[in-house]
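To keep things clear, I will list the structure first and then write my remarks on it.
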Amino acid sequence: MIAGIERRHSTRNRPQQNGLAERANRTMGERITAMLSESRLPGSFWGECISSMRKPDVSHLRVWGCTSYVHVQQDKRNSLQPHYEKCVFIGYPAGYKGWKFYNPVTKRTVDFDERYFPGTSIAQLDAVPSFACLPEPLQTPNDTSSHSGLPPLQDEGGDNHFPPACPKTPTLSASVPPEEKPVLPLPPLPLIPPFIPPVTLPQLHPPLPVTPPTAGAPLEPPHIPRRTGRVRKPPGQWWKLKQPDLAGNDSDSDDEAALLADSEYCEVEFAGAISGADPQSYRLAMKSPDSDCWTEACNTEIFNLEANGTWELMELPPGKKVVNSGWVFKVKRLADSSIERYRARLVGKGYSQRPGFDFTEVFAPTFCPASLRLIITLAAREGYKMRSVDISSAFTYGELEEEIYMRQPEGYHIGSPNMVFRLRKSLYGLKQAARQWNKKLQGVLEGIGYTRLRSNSSIYIYSKGDIKVIVPVFIDDITLVSKSDAAMASAVSELSKHFKLRDLGSTKLLLGIQVKQDRSHRTISLSQEHYIKELLECFNMDDANPLSTPLAPGSELSDIIPSLEDQAEMKSVPYLNAVGALQYLATMTRPNIAYAVSYLGRFNSNPAPAHWLAVKHLFRYLIGTTVPFRPDVHVISDHDFFLLWQ
């Protein structure tokens, strides 16, 4: 034994006693046998097989002549100059680990390793910067006739596929006669068709054979395939975020039709939003099978707002701007995904508000997920009870400080077309609505003895003797955490004097998270099982087979800009939507997918089909781990670790 190391030999014909080395020998032996058999070489070349069995790394290879952007080092520029220069890739420098580039502006070559290749596929070679101003040719006064027979670069009567040459500046002294400065003409360049960006069409048919027209027959114009008339509508209420003119239209359907006609916004997707079966406009709600339920929900919303004194009906004063109104529909569900009620909310389209006129301050505090988990942990350890309260139409309790006029909602217009609502209280959708509601709630809670934390302005604490109540507030969702049922009941009673609320009792669902508390064992479990199921249904992954890992083993996704074909394919893929929804899941209850989501988020700017496959791989992992918590722990070990543990 030397330095605590004991040397032992395995028993004869017992390879399992040295499993690690024997398995490595078997792997190498199988590869050597396969390579020798395929190449039909003798066994004496087994050493070369070992040194060649690994696939060489060719990730540094690029297409010669492609466009590239070279980083300009900090000492070569000031803070206001561009950080990259557009160059052409021309090869690999000898003795350096990097690439060689040519700068057409400075006419210099540079060797550098910090670069950005926007694309290296064959389809993108036409994107190489065209040199409209060619370098000055060599001027040889003694040789004027050796190339005199070459045709000129451009024929005046022919088609010109090149940009016009830049005017030359005189480089020799003016005293030299023009006839002594013959210029060596350049040979004609090969005709390259101009680069035309590809057009993505829903269906592309192979071109039909073209027969030459007969003499004297009129030429027919070429047939240009037209775009499909079917409208592609992304999920969610993305169309409400387009900013129309301040005067606006009078209905959601007009806004929707105008935006759907804009192909640019057909590609907009918002992270974290899950599209369900909720109607996206008043017109769609009235045409849905549940139109009676939505009509009743709209009537209830209008009645509550009028009873609260939210507005005053009047004619629009001259010179005043008006804010558009809209409807937002949502099916409220319980913790078991059953329908609780149909919710219709009248909102103001705050994007048409003018800063400095219609609003000033807009900030409203809210707690972070870490604060919520800390409060839940404290409740589990101390055996506190959790009780939820929902404020009905919370934002409408905030008092407006600005003069705002809003159009009457679709389906409920009264009087002449010039009749509008003068808003007296805040409304959902307005820029300052959350701030005004938070100020109102703060005044009420501080009036009944609660103190707001300095470190987190959305958490209030009541402390008197042995009675302690913690109140985290997330917009209009209020949760009370305390040991005393009487203290929580008193707080609910005081809040009901100022607001119309619904006492939801013991907390079962909080911000879409299922909460299960076992006070006898001092445990609280959080789950987003229903959220995951809705997520899988939204992205058509609910029938996929489950997987056991968040990412494919050994997966290395590339950050190289995808080709034009891949970019066109990814335009219809909701990559940002999926990553945003997964990010919310990882932040709230699933830290086991945090790395995978963070890794996929690196490619949000330019995702490729390979990245989308990785997202679907993560969805399949969620299928098999909808409820990841298990009371028992199973550990799987290899043979060596098992012997060491024994």
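So the values come out like this:
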| item | result |
| --- | --- |
| log₁₀ of I(q)/I(0) at q = 0.09 Å⁻¹ - the stretch 238-525, Debye sum with one point per alpha carbon | -0.50 |
| Taking the stretch 384-540 and dividing mean pair separation by its residue count, relative contact order in percent (alpha carbons under 8 Å, at least six apart) | 27 |
| Reference-scaled alpha-carbon Rg (2.2 N^0.38 Å with N residues) for the stretch 388-481 | 1.39 |
| Cα-only Debye scattering, the stretch 293-384: base-10 log of I(q)/I(0) at q = 0.17, 0.18, 0.24 Å⁻¹ | -1.03, -1.07, -1.20 |
| Descending principal axes extents, the stretch 1-56, alpha-carbon based, whole Å | 46, 27, 18 |
| Protection-proxy order for peptides 345-353, 484-492, each taking the mean of Cβ atoms within 10 Å per residue, highest first | 345-353, 484-492 |
| Expected-Rg normalisation [2.2 N^0.38 Å, Cα atoms] applied to the stretch 528-624 | 1.03 |
| Ratio of the Cα radius of gyration of the stretch 437-577 to 2.2 N^0.38 Å, where N counts its residues | 1.58 |
| Radius of gyration and Dmax over the Cα atoms of the stretch 408-450, both given in Å | 15.6, 48 |
| ARG54 versus GLU402: modelled label distance in nm, points set 7 Å from Cα along the beta carbon direction | 6.3 |
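Each value in this text was obtained by applying a stated rule to the coordinates, not by laboratory testing. None of the values given here were measured: they were computed from a predicted structure. As a convention, Cβ positions derive from the backbone with ideal geometry for all residues, glycine included, and neighbour counts pool all protein chains shown.
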